[in-house]
2 protein chains.
Amino acid sequence: MTSAAADLDALVAKHADLLENAQRAARTREYWSAFPESPSPRVYGEDAAAEGEQAFRALLGTTLDLGQPTDGTQVGSESSPYGLEIGVRYPRASADQLVEASRIANRAWRSATPIERAAVCAEILVRINRRSFELAHAVMHTSGQAFVMAFQAGGPNAQDRGLEATAYALTEQTRHASSVLWEKPQGKRPPLRMTKEFTPVARGIGLVVCCNTFPTWNAYPGIFASLATGNTVIVKPHPHAVLPLAVTVSIAREVLAEFGFDPNVVLLAPEDDGDRLAADLALDPQIGIVDFTGSTAFGEWLERNARQALVYTEKAGVNSVIFESTDAYRAALGNLAFTLSLYSGQMCTTTQNILIPAEGVQTDEGVKTRSEFAIDLGEAMDKLLGDDEKAAALLGGIVSDDVAKRLNAASASPDLAVSNRQVNVAEWPDARIYTPVVLLAKTSDDHTYTQECFGPVSFLVETATRDEAIDAFAEMTKEQGALTAGVYSTDEAYLERVREAALDAGVSLSENLTGGVFVNQTAAFSDFHATGANPAANATYVDGHFVAGRFRFIGTRRHAPDA
Amino acid sequence: MTSAAADLDALVAKHADLLENAQRAARTREYWSAFPESPSPRVYGEDAAAEGEQAFRALLGTTLDLGQPTDGTQVGSESSPYGLEIGVRYPRASADQLVEASRIANRAWRSATPIERAAVCAEILVRINRRSFELAHAVMHTSGQAFVMAFQAGGPNAQDRGLEATAYALTEQTRHASSVLWEKPQGKRPPLRMTKEFTPVARGIGLVVCCNTFPTWNAYPGIFASLATGNTVIVKPHPHAVLPLAVTVSIAREVLAEFGFDPNVVLLAPEDDGDRLAADLALDPQIGIVDFTGSTAFGEWLERNARQALVYTEKAGVNSVIFESTDAYRAALGNLAFTLSLYSGQMCTTTQNILIPAEGVQTDEGVKTRSEFAIDLGEAMDKLLGDDEKAAALLGGIVSDDVAKRLNAASASPDLAVSNRQVNVAEWPDARIYTPVVLLAKTSDDHTYTQECFGPVSFLVETATRDEAIDAFAEMTKEQGALTAGVYSTDEAYLERVREAALDAGVSLSENLTGGVFVNQTAAFSDFHATGANPAANATYVDGHFVAGRFRFIGTRRHAPDA
């Protein structure tokens, strides 16, 4: 361990600035990023793109053995929305095998200091960053995200969120002195003198249950928050999006081993559809933390049943944008069209309901009724998606049969406001790519639009008045939850009321977006993703609450000799 | 509100240093206290003691109306362990009335800034401090604590814990910039510029369910943590210890009204035995937080059922001290005797089990077998408690019939190692004061000592070896939970192993205490009370986790004009 410990000191020195900058950015909330999101050869090197693709293709059809314990069986059920044959097999392990290996790995990892753990996390992220192109292809062909988005959201943006979690964990564990000489005056007698030490001690094992659409972005905060606070981590990928996490875990294991830790500090738990491995793991008494992204049903099941664990969930929500008035109508429509189109609306942050008062939207082109608004939105979407190649680069593919079915049903609706079409690209003749559908609804139709309709389907909802739009937004957010909210209004008093409603309902609000920032996107170190204050999620990426419960300070104290 | 707002600015200025000092002390963990614990006239003034007692006596037999909503009924079932007639009646309110009044009070309170709320909390605590003598009598005659302890633990020490919670809440809410101009470079194009604001928003209403033995000390952390994070608070006292919290709440209401807030920001919820008001309140959807101190059964019920709320519980535990060896035998025995005697062992932090290896304890007076240890401990207790007046000042009274019954049963046990006697004092002829009992047990008798036996009953537990002592301590702590742990050993390697076991089991450890610090006492701003890492409690006084979940940051953002 001596040489490994020496390496660890060097690693701490190597990443000191990176971690300090991340901690500072989280405080100031100013723009900052550790990992460049441009896939340009000037940033990542001339050969990076080709080498990354080659590395990805070399994985196809193989059995990916990470050197973990296994029960001898294999799983693998990934299929690309672009029609590419993936065919990767993953050795499976039982819940008991995973928990036991994780438990054994725990002791040395929790004995490392907070800054040592943070440095190891930073090193893992830096090496993940170097493999962003390989990961981009893996994310693209499991989630269906278009390549550039898969690179950005699945690569550098996810890495930034992981670093953000690492920075918060480090801050939280070092916010108190780790030891102190405590002297309590006793009047004329000598003071009471005690030596005290405070050690952050992890809860045990963190289970991270990942989703299909953002396999890395939604997993890295939980992985690195648990890891940096001294927990070992079991990563349970969605059965249809294993590869990005297999690559991630293999990198983590490589770094851990290099610095003298048991690589089983991070384990992959691949499963087939219907295996219920996540449920088995979540109920194990050794699992102290569960991070989950996915359906409301399973999220609530975890909250109710994994009682020995702290459970952080991101579930479904219904996101609204209120259109009351705008002095930049075309830019607002363009912004909205982009939001609805990006990754075919398959983001938990995509706007589902566009609330429009019956009196119409006041704009710089006059009052627009809902029907006119629908036509204009359709035009904005045509403009954005008119060219198939460009459209595909924005839309990506449909992630699952469920989403495809929902889209089919919606496109046959009598309430169609903006219809859709299939998009064809030469590179992927079998790809499942469609433009989004927009439907009309009234606030009385609460059987449709008030439920999450995940995918490229949104609703132009007419409200009786502009006040009812605020009420409908607040009520839906409180009851169904929301990850995002938006408003367009030129009336400061109205904006102020929407702001109050957003605070009250517990959702973050984007106001009058017309430029290159979209309601469905957040920036690490500045925007909190989700709030934890409405039913869509019980935590946020990343604040003190997201990391503070993952460990406890344990004190030891003894008398100090008299001075 | 203009004049009130002006007052608020002055209040913020008035308490700025106090709050900063509290925040700093929490960081450095050095000795610091805002509220002097000496009831000396030199500290609190010549007349303070007499005036405080007079104020307390003026309350006896009255109906204490705090100006709250009421359903027209009254409750009151306090009885002093010293035999004093209390007879205070409290107007009762229904759960619905309380929740509705709290909800209405919430809006203005949550709109105050974090520093304004912290200043109001500080002012409440400063005014509570001025009434420490009155509160001491109220705590003494409800909990049974002896007067000086009731003054210290129920007064200044509790106030320090309340200030500690306030300071953590302030730190947590102000750890990020509250607004920022965010500029993201866009290569050759102008940067994206956004104005962002981040508002801490409270969960709603905090319910604080208080206990009989430490009505203020165990309540103030939750009350002030919720209050300072913008929640309104409903204080539900134990039916037998209402008065200290009625005084506390009345002071809070007075300060709130004075600074322009609805006094219903803090409400008292008195109930009679068996009313189940706590359970009704805890399940109300408006209750966002529950702080609970009390039985494991009700604590676990709350954790399971109050699913809409964050639930912080302090429940029962079984605290151990390992006696392996000591080079200061008599001082160690004296320290232990004090711990067992203080407030008749009715502290959740009192040592219950003294683990002694069968080979005996190595001491500076030679090896002591368990039988010899029992005799020497009995002598140390006789020395401490030989004089009735002095004994009563340490022991206080037996808080409840349950504890009295348990003590009676124990004193008739065939395993008696140290027997007990009644203590009589002239001032309180009807008081229920007894010296503690110590019983013998073996590690095989796990039906007795491994269950919490709350009150003045402890066990000298023989373990086969000194290693088994560590195992028994670790196992009991993991299974039953513990609030404290201690060890006596002169063997550094042994100490190191006990330290590891304590970290592993998640309990704080006091080593070789012989002087004026006791295993059952913690100091605010330096020692964490409980850890949240074993079954005795799911949180600690006070760390980041204790405050971070009580509010959420909600962001709002919009484009900023080009620079």
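Placing +1 on each Lys and Arg Cβ and -1 on each Asp and Glu Cβ, with no other charges, gives the stretch A:320-511 a dipole about its Cα centre of roughly 520 debye. From the alpha carbon centroid of the stretch B:118-183 to that of the stretch A:290-360 is 40 Å. Out of every Cα-Cα pair that the stretch A:320-511 contains, those further apart than 26 angstrom amount to 28 percent. Can you bin the stretch A:2-315 into rounded, prolate or oblate? Criterion: square roots of the alpha carbon gyration tensor eigenvalues sorted a ≥ b ≥ c, rounded for a/c under 1.5, prolate for a/b above b/c, oblate for the rest. The shape class here is prolate. Kindly express, to the nearest 10 degrees and within the range 0 to 90, the angle between helix A:95-111's C-alpha long axis and the longest C-alpha principal axis of chain A. So the helix axis and the longest Cα principal axis differ by about 60 degrees. Note on A:K184: lysines with a C-alpha under 16 Å away, same-chain residues under 8 apart excluded, are A:K196.
Can you give the mean number of other chain Cβ atoms that lie within 10 Å of the Cβ atoms in peptide B:533-545?
If you average over the peptide's residues, the count of other-chain Cβ atoms is 4.
Express the carbon and sulfur contribution to the solvent-accessible surface of the stretch B:493-563 as a percent, rounded to the nearest whole number, probe 1.4 angstrom. Reported share for carbon and sulfur atoms: 55 percent.
Mind pulling the angle between the C-alpha long axis of helix B:401-411 and the longest principal axis of chain B? Nearest 10 degrees, somewhere in 0 to 90. Roughly 20 degrees, rounded to the nearest 10. Comment: the Cα-to-Cβ extended label point of A:A493, at 7 Å, lies 8.1 nm from its counterparts in the other copies, nearest first. Return one number: the angle in degrees, 0 to 90 and rounded to the nearest 10, between the long axis of the Cα atoms of helix B:492-505 and the longest principal axis of the Cα atoms of chain B. Taking the Cα atoms of chain B, the angle to B:492-505 is about 50 degrees. Note on the stretch A:205-362: along the principal axes its Cα atoms extend 64, 35, 29 Å, ordered by decreasing extent.
Note on the protein assembly as shown: Cα convex hull, mean projected area over all directions, 44.9 nm². Averaging Cα coordinates gives a centre for the stretch A:485-563 and one for the stretch A:222-283; these two points are 27 Å apart. When every Cα-Cα distance of the stretch A:1-91 is counted in 5 angstrom steps from zero, the calculated P(r) takes the values 2, 10, 10, 10, 11, 15, 16, 16, 8, 1, 0 percent.
Entry for chain A at q = 0.06, 0.07 Å⁻¹: log10 I(q)/I(0) = -0.32, -0.43, Debye formula applied to identical alpha-carbon scatterers, no solvent contribution. Shortest first, A:A412 label-point distances to identical copies amount to 8.1 nm, with the label point at 7 Å from Cα along Cα→Cβ.
Rounded to the nearest 100 Å², what's the accessible area chains A and B bury against each other, both chains counted, probe 1.4 Å?
What A and B bury together is about 6100 Å².
Surface analysis of the stretch A:2-315 yields an accessible area of 35 Å² per residue, using protein heavy atoms and a 1.4 Å probe. Dividing the Cα radius of gyration of the stretch A:148-289 by 2.2 N^0.38 Å, with N the residue count, gives 1.38.
Residues whose amide H lies under 5 Å from that of A:L268, counting only those 5 or more places away or on a different chain, are A:V235; hydrogens are built 1.01 Å from N in the peptide plane.
Just from its helices, what would the mean residue ellipticity at 222 nm be for chain B, if runs of 4 or more DSSP H residues each count -39500 (n - 2.57) and the sum is divided by every residue, rounded to the nearest 500 deg cm²/dmol?
-13500 deg cm²/dmol
Label-point spacing for A:D327 across the identical copies (point 7 Å from Cα in the Cβ direction), in nm and ascending order: 8.0. If you wrap the stretch A:366-418 in the convex hull of its Cα atoms and look at it from every side, the mean projected area works out to 4.7 nm². For the stretch B:59-111, averaging the sequence separation of C-alpha pairs within contact (under 8 Å, six or more residues apart) and dividing by the residue count gives a relative contact order of 39 percent. Looking at the stretch B:413-492, what % of the alpha carbon pairs are farther apart than 22 Å? Tail of P(r) above 22 Å: 39 percent of Cα pairs. If you bin every alpha carbon distance in the stretch A:454-563 into 5 Å steps from zero, what whole percent lands in each bin? Taking all Cα pairs of the stretch A:454-563, the binned fractions are 2, 10, 16, 19, 17, 11, 6, 4, 3, 3, 3, 2, 2, 1, 1, 0 percent. Note on the stretch B:349-463: semi-axes of the ellipsoid equivalent to its C-alpha gyration tensor, largest first and rounded to whole Å, are 26, 18, 10.
Per-residue shielding of B:546-552, expressed as the average number of other chain Cβ atoms within 10 Å of the residue Cβ, stands at 6.
The values are calculated or read from the model by the stated rules, or taken from the named source; none is laboratory data. Because the structure is predicted, anything quoted here is derived from the model rather than measured. We place every Cβ from the backbone using ideal geometry, glycine too, and count neighbours over all the protein chains shown. The protein model used for the area step is the full one, side chains on, heavy atoms only, and it has no ligands, DNA or RNA in it. Shrake-Rupley method; radii C 1.70, N 1.55, O 1.52, S 1.80 Å.
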